[in-house]
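**Q** Below are the structure tokens for one structure; questions will follow.
The values are calculated or read from the model by the stated rules, or taken from the named source; none is laboratory data. Note that this is a predicted model, so its numbers are computed, not measured. Cβ coordinates were reconstructed from backbone atoms using ideal geometry, including for glycine residues, and neighbour counts include every protein chain displayed. Please note that ligands, DNA and RNA were not included when accessible areas were found on the heavy atoms of the full protein model with its side chains. Shrake-Rupley method; radii C 1.70, N 1.55, O 1.52, S 1.80 Å.
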Amino acid sequence: MTLSEELRDELAQIAPVRACCRSAEISALFHVSGAWHLHDGQVAVHLDLASSGAARRAFALLRELGVRSEIRTYRRRAFDRATRYQLHTEVDETGLGVLREAGVLSPTRAPLEVPPRRVVGRSCCRAAYLRGALLGAGSLSGPRDAHLEIRTSTLEGARFLAGITEREGVAIQIGERRTHAVAYAKGHDAIGALLAIAGAGDTALRLEEHAVVAATRARANRLANADEANLERTARAAHDQLEAIRSVGVDALPAELVEMAELRLRHPAASVRELAAKARPPLTKASAQRRLRSIVSYAENTRI
């Protein structure tokens with residue numbers, strides 16, 4: 001299951017208690033996922049949703065508000081042939097009243113680009129509106145390069161979402177695409193804050209867990225690569241030191257280098273730190289390294 005699916009499933013389990021929050025959530029669902037049709041002089045509207053959980057949640061919300069609707073499914077024509085869910089709503093007198101109260105339709109039944117400010121006047125309603133927007137058109141990817149995006153039909157709708165989150169203390173960006181607009185956030189901190197506002201704490205924790213695991217795995221790989229590189233450098237340096245000692249002979253070396261040369265011959269795979277500890281008296285690693293370099297330099301000068 002993808003993070004987007006986990007997010008929608010978690011949000012679909014949250015049932016607003018207040019009528020104002022139910023209205024705000026319905027408002028967001030219709031603004032980000034609603035499609036409008038005029039048939040025989042009557043306005044018809046349906047929601048186009050990506051998950052069964054979101055469709056059931058929208059169906060339950062409308063039923064609680066007294067609006068009749070019907071769920072239908074179809075397969076997208078895109079390459080993944082994913083199942084989509086359509087919620088067809090009757091815009092009778094009751095439906096019109098609910099959609100007008102939610103800021104979805106005007107008194108003349110014309111669709112509104114964004115709802116009136118009163119719909120998101122309270123903090124709880126802003127959270128409900130964000131939740132509805134995520135249910136209707138949200139996507140979440142990660143943990144690497146975490147990205148949360150809400151698709152809107154117009155740039156004004158994206159700006160409205162950004163204004164809501166800003167009032168809750170979280171700044172998000174907006175962008176305009178060829179056929180739609182988006183409100184989006186990047187990074188675990190910003191995304192975690194948005195998910196917390198919407199009530200998706202479990203998904204935020206899972207995203208953070210994924211990020212920790214990924215970071216740990218990446219660090220382990222870096223350390224393993226570094227260890228391999230260090231071993232390769234150590235082995236190459238030990239080989240050069242052995243070749244230098246054998247080329248000139250231990251007896252030809254200056255007296256202060258003889259002990260280190262003998263130790264290298266006896267312990268060809270030992271590290272510099274291990275050779276330093278075996279000297280009598282023990283040397284520091286830096287001192288042992290200087291003597292080994294002097295041996296190689298002495299051999300090179302002798303060959304010249």
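**Q** Quick one: angle between helix 52-64 and the longest Cα principal axis of the chain, in degrees between 0 and 90, rounded to 10, please.
**A** Roughly 30 degrees between the two axes.
**Q** A further question follows. Per residue, what accessible area does the chain have, given a 1.4 Å probe and all protein chains present, in Å²? Don't jump to the answer; show the numbers that get you there.
**A** Values: 16530 Å² over 304 residues.
Here the per-residue accessible area is 54 Å².
**Q** Let's see if you can work this out: charge +1 on each Lys and Arg Cβ, -1 on each Asp and Glu Cβ, no other charges. What is the dipole magnitude of the chain about its Cα centre, in debye to the nearest 20? Mind showing how you got there, number by number?
**A** Numbers: 44 positive and 36 negative charges, 59 e Å.
That gives a dipole near 280 debye.
**Q** Using a Gaussian network for the chain with springs between C-alpha atoms less than 10 Å apart, which of these wobbles most: THR73, THR94, THR179?
**A** Among THR73, THR94, THR179, the largest mean-square fluctuation in the Gaussian network model of the chain belongs to THR179.
**Q** Which of the three applies to segment 1-145, rounded, prolate or oblate, going by the alpha-carbon gyration tensor with a ≥ b ≥ c and a/c under 1.5 meaning rounded? Please report the intermediate quantities before stating the final value.
**A** Values: a/c = 1.85, a/b = 1.24, b/c = 1.50.
Oblate.
**Q** At a 10 angstrom cut-off on C-beta neighbours, averaged per residue, how do the peptides 155-166, 278-289 rank from highest to lowest? The partial results should precede the final answer.
**A** Values: 155-166: 19.4, 278-289: 13.7.
The packing order, highest mean first, is 155-166, 278-289.
**Q** When a/c is below 1.5 the answer is rounded, else prolate if a/b is larger than b/c, else oblate, so apply that to segment 144-234 with a ≥ b ≥ c taken from the square roots of the Cα gyration tensor eigenvalues.
**A** Judged from the Cα gyration tensor, segment 144-234 comes out prolate (a/c at least 1.5, a/b above b/c).
**Q** I'd like the FRET efficiency for VAL212 and GLU166, computed as 1/(1 + (r/R0)^6) with the beta carbon distance as r and R0 of 41 Å, rounded to 0.05.
**A** 0.90
**Q** Oh, and also: Select from ARG56, ARG75, ARG118 the residue whose mean-square fluctuation is largest in a Gaussian network model of the chain (Cα-Cα springs shorter than 10 Å).
**A** Taking springs between Cα atoms under 10 Å, the residue moving most is ARG75.
**Q** Using a 1.4 Å probe on the protein heavy atoms, what percent of the accessible area of the chain belongs to carbon and sulfur?
**A** Numbers: 8310 of 16530 Å².
Roughly 50 percent, rounded to a whole number.
**Q** So what is the calculated 222 nm ellipticity per residue for the chain, using -39500 (n - 2.57) for each DSSP H run with n of 4 or more, over all residues, to the nearest 500 deg cm²/dmol? Intermediate results must be reported in sequence, preceding the final value.
**A** Working: 11 runs with 172 residues, N = 304.
Rounded to the nearest 500, it is -18500 deg cm²/dmol.
**Q** With just the Cα atoms defining each centre, how far is segment 110-169 from segment 1-65? Give it in Å.
**A** Comparing the Cα centres of segment 110-169 and segment 1-65, I get a distance of 13 Å.
**Q** Turning to a different aspect of this structure: Quick one: angle between helix 285-303 and the longest Cα principal axis of the chain, in degrees between 0 and 90, rounded to 10, please.
**A** 60 degrees
**Q** A further question on this structure: Could you sort ARG217, ARG22, ARG206 by their accessible area in this structure, using a 1.4 Å probe and putting the largest first?
**A** Numbers: ARG217 140, ARG22 45, ARG206 75 Å².
Most to least solvent-accessible, the answer reads ARG217, ARG206, ARG22.
**Q** If you line up the long axis of helix 255-266 against the longest principal axis of the chain, both from Cα atoms, how many degrees apart are they, to the nearest 10?
**A** Between helix and principal axis, roughly 60 degrees.
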